[in-house]
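Please read the structure below before turning to the comments.
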Amino acid sequence: MKIILREMTKEDIKEVLEIEKATFSSPWSEDSFQKEIVENVLAMYIVAEVDNKIAGYGGLWKILDEGHITNIAVQKDSRGKGIGDAIVMGIVDYCEKNRIPNITLEVRESNTVARSLYKKHGFIDAGKRPGYYSDTKEDAIIMWRKRS
Ligand SMILES: CC(C)(COP(=O)(O)OP(=O)(O)OC[C@H]1O[C@@H](n2cnc3c(N)ncnc32)[C@H](O)[C@@H]1OP(=O)(O)O)[C@@H](O)C(=O)NCCC(=O)NCCS
């Protein structure tokens with residue numbers, strides 16, 4: 001299976017939204033993605049394509065020397081095939097090329113799949129934000145990947 005990574009454009013938003021809506025209980029709106037891609041100069045989003053279809057995406061905010069991963073999702077039928085891996089590697093690679101040594105994110109405490117994915121790529125647990133997720137009041141685990 002060939003996975004192609006490239007930067008997200010506004011033409012990708014409709015396809016990305018389908019994955020977003022099927023994945024998250026409080027999905028971002030089309031307008032939010034538009035603002036991120038078109039207006040937010042601090043944002044960088046990548047998509048992973050398989051057979052010319054978007055199978056996943058991930059995003060980053062660049063704040064000085066820190067990268068903040070905003071979201072990562074893979075289409076349900078395409079999970080477990082290395083696409084999440086490729087997206088995280090793409091984001092880490094982008095940060096390394098753009099002199100962003102440290103990357104952080106928040107993840108639901110119960111999301112063992114995503115926590116395992118991030119851990120595999122050098123992120124470590126660094127704290128907790130109690131009740132961070134407004135829908136379920138679940139705690140967020142804060143993870144950091146720091147270049148040594
Ligand atoms: C998290 C997510 C992006 C992973 O994408 P994926 O393409 O399925 O992941 P991959 O196949 O590339 O697997 C990469 C790693 O993720 C972890 N992982 C993937 N599936 C897993 C599973 N079923 N159980 C435990 N760990 C798993 C493993 O660490 C795996 O590495 P390994 O294969 O060497 O064990 C995907 O499950 C998803 O979209 N989940 C819903 C959205 C979400 O939770 N996003 C993160 C929000 S912070």
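Worth a mention:
- Of the numbered criteria (1) hydrophobic (A, V, I, L, M, F, W, C); (2) without any contact (Cβ under 8 Å) to a residue 12 or more places away in the chain; (3) surrounded by 17 or more Cβ atoms within 10 Å (Cβ to Cβ), the one VAL16 fails is (2).
- Answer residue from segment 19-32, given it is within 13 Å of the chain's Cα centre (by Cα) and assigned to a helix (DSSP H, G or I) and is surrounded by the fewest Cβ atoms within 10 Å (Cβ to Cβ) among those: THR23
- Taken as a whole, segment 32-46 holds no residue that is within 11 Å of the ligand (Cβ to nearest atom), without any contact (Cβ under 8 Å) to a residue 12 or more places away in the chain and either farther than 21 Å from GLU106 by Cα or not charged (D, E, K, R) (or both).
- Of residues in segment 47-80 being within 14 Å of the ligand (Cβ to nearest atom) and either charged (D, E, K, R) or at pLDDT below 95 (or both), the one nearest to VAL92 (Cα to Cα): GLU49
- The combined condition, being within 26 Å of ASP139 (Cβ to Cβ), in contact with a Phe, Trp or Tyr (Cβ under 7 Å, 6 or more places away or on another chain) and either in contact (Cβ under 8 Å) with a residue 40 or more places away in the chain or among the aromatic types (Phe, Trp, Tyr) (or both), is fulfilled by TYR57.
The values are calculated or read from the model by the stated rules, or taken from the named source; none is laboratory data. Small disclaimer: the values here were computed from a predicted structure and weren't measured. In this analysis, Cβ positions are derived from the backbone assuming ideal geometry, glycine residues included, and neighbour counts consider all displayed protein chains.
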